[in-house]
């Protein structure tokens, strides 16, 4: 693999820095607000149902998450939710948008080792403004040649990225925590992919089947990629 790789793309959320635990904490706060209507586990199920229904409209990110919380609260309460509860839901979202950036272990050291040897790229999905803020506050911006904030991570989205980079699939290595979003599309295109598991994964991103592929690496941590390059 080493001779082939010219560019390395990194997912951001839960690959470079903490993200999903913040969303799970926000969801718990939301469920607690509505526990007088239905049990909290049912509220989580209703919220996920709303998120999946609206994904094609809102995409990924905090703003869509807030709209889905409000819609879910309205539905659960049979359109009787008090305005002060809506205010609290908005406050949960605003707090989520201002969470501190906590880099995951080994990220800075790994980027420092790779700097100057490969074209380094951020390839992440989510809300443009929020992801730009997180990258700026992370202190990692200077390591990257290109930042790609994608509305989704389907094969067509990666094809556009490869075109923009003027890079062949076999010269790209993608690293991320989601098999579904970061790994499978790249392998389908003929590129290389390394999975860096994170201890929590959003239900929508979970992939249950064991993956075997000549171009696939299962890593324990981000710095382990240095052993293959």
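All of the numbers you see were taken from the coordinates with simple rules; none came from a lab. The structure presented is a predicted model; accordingly, all values stated were derived computationally and were not measured. FYI the Cβ positions are ideal-geometry reconstructions off the backbone, even for glycines, and counts take in every protein chain you see.
Applying 1/(1 + (r/R0)^6) with r as the Cβ-Cβ distance of residue 4 and residue 53 and R0 = 30 angstrom yields a FRET efficiency of 0.15. Could you state the number of Å between the C-alpha centres of the range 134-148 and the range 98-124? Comparing the Cα centres of the range 98-124 and the range 134-148, I get a distance of 8 Å. Taken along the Cα-to-beta-carbon direction at a fixed 7 Å, the label points for residue 154 and residue 24 span 3.0 nm. Pairwise over distinct Cα atoms, reciprocal of the mean inverse distance: report the Kirkwood radius of the range 20-97 in Å, one decimal place. Computed over Cα pairs of the range 20-97, the Kirkwood hydrodynamic radius comes out at 12.3 Å.
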